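Please treat every number below as a calculation from the coordinates, not as lab data. As the structure is a prediction and not an experimental result, all values here were calculated from the model. Cβ coordinates were reconstructed from backbone atoms using ideal geometry, including for glycine residues, and neighbour counts include every protein chain displayed.
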Amino acid sequence: MNPYAGILDQPYDIQTDLIEAVIHDCRPRDLAALAEASLFFFLVGVLGRTDAMHPWLCDRCRDVQRDPDDHLDLWARFHYKSTIITFAATLRDLALDPDQTFGIFSHTKQIARGFAKQHQLEMERNPLLHMLWPDIFWKEPRKESPRWSQDEGLLIRRKSNPKETSIESWGLVDGQPTSRHYRTMVYDDVVTLESVATPEQITKTTAAWEYSLALGTDGTRIRYVGTRYHPADTWSVILARGSAAPRTFPATDNGQMDGAAVLISPKTLNQLRRDMGPRAFGAQMLLNPVSTDTATFQRDWFQTCASHPPLDTLNIWILCDPAGGKDKSKRKDGGQDYTVMIPVGLAPDSNYYILPGAIRDRLNLVERADALFALRRRYPTAQIAYEEYGMQADIAHIRDRQAREHFRFPILAIGGAMPKMRRIERLIPLYAAGRFWFPNRCMFMNSEGEVRDFTAEFLADEYTPCPVLPHDDMLDCLARILDVPAQFPTPTPPPDRPQPATRTNNTYKPF
């Protein structure tokens, strides 16, 4: 029974008093027992990180020690997340169970090797590790360990003999291993500025994470460590799938720009707030990659309604943004863009109503034409606006379909050299004025037979995260309503009411 087993339940000052007493006595048995009972002591007492003597960090060590796995630890920059989880917890776990194997994964091999190098130098230069656990940590690992390098991995003393070393490091997108299966996998700095530079990079990073999961074993322990860069980054996918529980600690006590610092000094926090700007500060320090200070559209501008005005009172346009347009042809992700078609009704009240039938789907040429014809049949008076960049590839097929089916309708090609984000920003005053109305639910079935909600996807995937967008097809398509000669119907005046009878002085006149 470890005599220090209850230390995690003690307040910070009692823990630090105990730590100082044990260090002062310097009895190896007590030092080892306290380190095995307390990740916080292992960090500050064994690894010598006295810079971590802070009550906030003591609490974080307790959180990680009590529940280390299956969490996505999103902590603000400079808040010791990698120091506690990737560095200290890994070495302490090996002291408790030397037969464990750790695979450390980062976005690139260079980043991952940085973490493994920290482990390597600590085990080479810290004599306490060998003194407290001589049957686990080598006294001179460079001479004694059979494998001790960044390429081969770091091997400590152990009883079992798996092909994996004790600690190995790999790049997630530039050199995953094969024929490796780790008992514990640590993902640290998987999401970086480079990994969110383009939608293709986000997709690539997420796919690399998915494949890396095969490098575990039955019952592999998984830990995720990082900060945020983008609302649709790989971390967001992990959270959306329920693959890990979020454990989030922003740099301020209320998670807002005006909050007080929880760890770093107020002076440093103010400098970062000033110099990083609201977008970078929101992502890196508040763990909110799109905050109210940086969002293009405010949430309370988004309007929904249970029903739209009668169709015969609307001027209807069907806006079409086919995948494969000019801006999207540069992508190399194998056709990850969406075709978007949105029927918009302009009402006498000068508002825009998104009508049922809106779609967002990955469609081929034939499927795009099918969707367009179905919408035109649903709204026979609607006018069609088609983005001209994609129209050149589709027009021949559409004209052939019109001739074969004897169903002809004009199509207006729309284009222009305006940058896409500037085109989208023209919607801001209209949303701010509450002039766009979406159905509460706008259901459609995609090409894979899945039932989706256009309203929900528009709000979550594009409206809320704008301007930091993995895809912008729906917003861009909707902004095209300002590029067509759309007119609001003239309000119909109410019918004249019959005037009430009034008594008059009639005088009889002969015919």
*How long is segment 7-79 along each principal axis, judged by its Cα atoms, biggest number first, in Å?*
37, 22, 22
*Size of the dipole of the chain about the Cα centre, Lys and Arg at +1 and Asp and Glu at -1 on the beta carbon, nothing else charged, in debye to 20?*
1200 debye
*Which order results if Tyr182, Tyr379 are arranged by neighbouring Cβ count within 10 Å, fewest first?*
Tyr379, Tyr182
*asked:* Suppose we look only past 21 Å in the calculated P(r) of segment 80-214. What percent of the Cα-Cα pairs does that tail hold?
replied: 40 percent
*Relative to the Cα centre, what is the charge dipole magnitude of segment 1-64, using +1 at the beta carbon of each Lys and Arg, -1 at the beta carbon of each Asp and Glu, and rounding to the nearest 20 debye?*
200 debye
*asked:* Tell me the relative contact order for the chain as a rounded percent, counting alpha carbon contacts under 8 Å between residues six or more apart.
replied: 13 percent
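Give the residue list of GluC sites (Glu not before Pro) in segment 403-499 that are DSSP loop and have at most 13 other beta-carbon atoms within 10 angstrom.
Glu448, Glu450
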*Arranged from highest to lowest average of other beta-carbon atoms within 10 Å per residue, in what order do the peptides 100-106, 407-413, 209-215 appear?*
100-106, 209-215, 407-413
*Can you tell me the alpha carbon radius of gyration of the chain divided by the globular rule-of-thumb value 2.2 N^0.38 Å?*
1.34
*asked:* If each residue of separation counts as 0.36 nm, what is the full-extension length gain between Leu121 and Arg279 once their alpha-carbon separation is subtracted?
replied: 53.3 nm
*Report the extension gain between Arg241 and Thr313 in nm, rounded to one decimal, defined as 0.36 nm multiplied by the number of residues separating them, less their alpha carbon distance.*
21.6 nm
*Hey, rough spin-label estimate for Thr381 and Glu144, points 7 angstrom out along Cα→Cβ, what's it come to in nanometres?*
8.8 nm
*Distances over 24 Å make up what percent of all Cα-Cα pairs in segment 299-483?*
34 percent
*Relative to a virtual label point 7 Å from the Cα of Phe78 in the Cα→beta-carbon direction, which members of segment 37-57 show backbone nitrogen distances below 19 Å?*
50-57
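Nearest 5 percent is fine: what portion of the DSSP beta bridges confined to the chain is antiparallel?
Values: 20 of 56 bridges.
Antiparallel bridges make up about 35 percent of those DSSP assigns within the chain.
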*Let me have the 222 nm mean residue ellipticity of the chain computed from DSSP H runs of 4+ only, each contributing -39500 (n - 2.57), with the sum over all residues rounded to the nearest 500.*
-9500 deg cm²/dmol
_Size of charge dipole - segment 85-218 - debye, nearest 20, with Cβ of Lys, Arg +1 and Asp, Glu -1, no other charges_ = 420 debye
_Long-range HN-HN contacts of Gly216 with modeled amide H, under 5 Å_ = Tyr182
*Once you have the Cα-Cα distance between Gln256 and Asp51, take 0.36 nm times their residue separation minus that, and quote the gain in nm to one decimal.*
71.2 nm
_For segment 358-390 and segment 243-307, distance of Cα centres in Å_ = 39 Å
_Just want the ordering: Val484, Val451, from fewest to most Cβ atoms lying within 10 Å of their own Cβ._
Val451, Val484
